[in-house]
Amino acid sequence: MHIILLERIEKLGTIGDVVSVRDGYARNFLLPQKKALRANEANKKVFEANRDRLEKENADKRTAAESQGGKVAGAEIVLIRAASNSGQLYGSVNVRDVAEALTAQGHAVDKKQVIMGAPIKTIGIFDVTIALHPEVRITVKANVARSDDEAELQRQGVDILAQVAEEERAEGEGFTEALDPDRELGELPATEESGEDTGE
């Protein structure tokens, strides 16, 4: 389907471009969200009549987004989650969690503006992209930890998972017993040959 873009769409084009997209993408997303018009003669005339207004509105929105981006850029959100000793979360952190945490800090961010390739499934610090406008993207940090103390350590650059692994290794050293490499599985360690008395 051929459409006229009413705003800049990444990988498609800018305002006024006539582009070809899949029918489903146009019908289910671009047209209902008023991001595009069907490219027919009537709509081309409507677009040209409104081009100046649309470009001015877009410029105003971009300016507002840049102003908001200056406040949000570099923000760090702390998300406390239950996780195993290996750092795997019981569940995951998704776009809604990030948007809610930013909103709690006073930033007006909608979950539709949060861009994550996939949900976060381990503890650590992650960069998350926020698209405040088609032409304005900023990055925030998501600090995912099991406690506020761990979050603070991660903020200081401490690798929590490496630290936990090191502690487990140190604890384990006191309890390990020397294994005989020649011993068969299930066999008792050969201490002394116990010459059993057969009574002869």
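Filtered by the rule that a residue be under 30 Å from residue 147 (Cβ atoms) and out of contact with any helix residue (DSSP H, G or I) (no Cβ under 9 Å at 6 or more places or on another chain), segment 52-80 gives 71, 73, 74. Residues considered: 78, 98. Of these, the only one that is assigned to a helix (DSSP H, G or I), of a type in the set (A, V, I, L, M) and at pLDDT 90 or above is 98.
Table: residues versus (1) in contact with a Leu (Cβ under 6 Å, 6 or more places away or on another chain); (2) among the acidic types (Asp, Glu).
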residue	(1), (2)
83	yes, no
88	no, no
92	no, no
95	no, no
98	no, no
103	no, no
110	no, yes
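The residues in segment 1-22 that are small (Gly, Ala, Ser), within 24 Å of residue 60 (Cα to Cα) and assigned to a strand (DSSP E or B) can be counted, and the count is 1. Here residue 25 clears all of (1) in the same structural domain as residue 126 (by TED's automatic domain parsing); (2) over 19 Å from the mean Cα position of the chain (by Cα) except the condition numbered (1). Among the residues of segment 85-104, those identified as of a type in the set (S, T, N, Q) and touching a strand residue (DSSP E or B) at 6+ places or on another chain (Cβ under 7 Å) are 88, 92. Residue-level analysis places residue 20 outside the set of residues that are in the same structural domain as residue 162 (by TED's automatic domain parsing), without any contact (Cβ under 8 Å) to a residue 40 or more places away in the chain and among the polar types (S, T, N, Q). Kindly establish whether residue 7 is touching a helix residue (DSSP H, G or I) at 6+ places or on another chain (Cβ under 8 Å) and surrounded by 17 or more Cβ atoms within 10 Å (Cβ to Cβ). Here the answer is yes, as residue 7 does meet what is asked.
The values are calculated or read from the model by the stated rules, or taken from the named source; none is laboratory data. Remember, it's a predicted structure, so these values are computed and weren't measured experimentally. Neighbour counts are summed over all protein chains in view; Cβ atoms, including those assigned to glycine, are modelled from backbone coordinates with ideal geometry.
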